[in-house]
Amino acid sequence: MAVQPQPRFPLSRDRILNAALELVDEGGIESLTMRKLGQALGFEAMSLYRYVANKDDVLDGIIDLVLSQTELPEPGGDWETAIRDSAVSVYRALHDHSWAVSLLMSPDRVRPTRLRYMDSLLGRLRQAGFSAETTYHAYHVLDAYIFGFSLWESSHSYSAADVSRMIAWFEQTITTDEYPHLHEHAQQHFAEGPHREVSAFEFGLDLILDGLKKIHATA
């Protein structure tokens, strides 16, 4: 469904970036062109260049909007809660804007907000009492998990028609005789149950944090 043109209010950088974010959330990063963005705002594309330099500037701007939805680890209180809350906020922002994952992983899109997050997470680990060596590894594990899980999840978005085809394929191919454990797992994907009440991201995050707590206790 095409983005409906907004009422013709005066242009501003904020209006342009928010419209671009809406456009990309609906159609993916490939849907963003200056012409389509102008149409969504009710202006010619050339009018936008008074407020944004080019498409790259728009991409940087909407990445900043996504990052503004994340939280830095709180400097006080329990380190585990601070890091967990921050990680969940980053995951939720990437979940809501799945196109942003690959852009944020690009070396050409390292935004100041991203750098502040990286520095803050490293600082919170050091403040908690982890050594520089342990912090080095813990940071990479946490960052890789957040972005890796988000990237994996973004590649597993299916329409109702896709799901119907997958169910038919599973029933024909993943039989209980040949693949008993995979069959059980596949059934869980398509069925309701207690497993649906657990966030897979938070389940894995807690495993990482439990491991860090053991290291912290023996340091």
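Tabulated data for the structure shown
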item: Selection within segment 127-142 - hydroxyl-bearing (Ser, Thr, Tyr), more than 14 Å from Ile83 (Cα to Cα) and either touching a helix residue (DSSP H, G or I) at 6+ places or on another chain (Cβ under 9 Å) or outside any loop (DSSP other than H, G, I, E, B) (or both); result: Thr134, Tyr136
item: Residue check, Leu104 open to solvent by 50 Å² or more (accessible area, probe 1.4 Å), without any contact (Cβ under 8 Å) to a residue 60 or more places away in the chain and of a type in the set (A, V, I, L, M); result: no
item: Qualifying residue in segment 85-105 (condition: polar (S, T, N, Q), more than 19 Å from Ser150 (Cα to Cα) and touching a Pro at 6+ places or on another chain (Cβ under 8 Å)); result: no
item: Selected residue (only one of Asp143, Asp96, Asp78 is within 20 Å of Ser155 (Cβ to Cβ) and open to solvent by 70 Å² or more (accessible area, probe 1.4 Å)); result: Asp96
item: Complete set of residues in segment 196-219 that are free of Cβ contacts under 8 Å to residues at least 12 places away in the same chain, open to solvent by less than 50 Å² (accessible area, probe 1.4 Å) and under 14 Å from Ala87 (Cα atoms); result: Ser199
item: Residues of segment 17-63 classified as open to solvent by 10 Å² or more (accessible area, probe 1.4 Å), part of a helix (DSSP H, G or I) and more than 19 Å from Asp96 (Cβ to Cβ), total; result: 10
item: Hits in segment 168-195 - residues which are open to solvent by less than 60 Å² (accessible area, probe 1.4 Å) and more than 27 Å from the chain's Cα centre (by Cα); result: Ala168, Phe170, Thr173, Ile174, Thr175, His183
item: In segment 171-208, residue nearest to Ala144 (Cα to Cα) [restricted to those that are part of a loop (DSSP other than H, G, I, E, B) and among the hydrophobic types (A, V, I, L, M, F, W, C)]; result: Val198
item: All positions within segment 149-167 that are out of contact with any helix residue (DSSP H, G or I) (no Cβ under 9 Å at 6 or more places or on another chain) and surrounded by 11 or more Cβ atoms within 10 Å (Cβ to Cβ); result: Trp152, Ser164, Arg165
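The values are calculated or read from the model by the stated rules, or taken from the named source; none is laboratory data. What you see is a predicted model; the values in this text were computed from it and never measured. Neighbour counts run over all protein chains shown; Cβ positions are idealised from the backbone, glycine included. Ligands, DNA and RNA are excluded from the accessible area calculation, which covers all protein heavy atoms including side chains. Shrake-Rupley method; radii C 1.70, N 1.55, O 1.52, S 1.80 Å.
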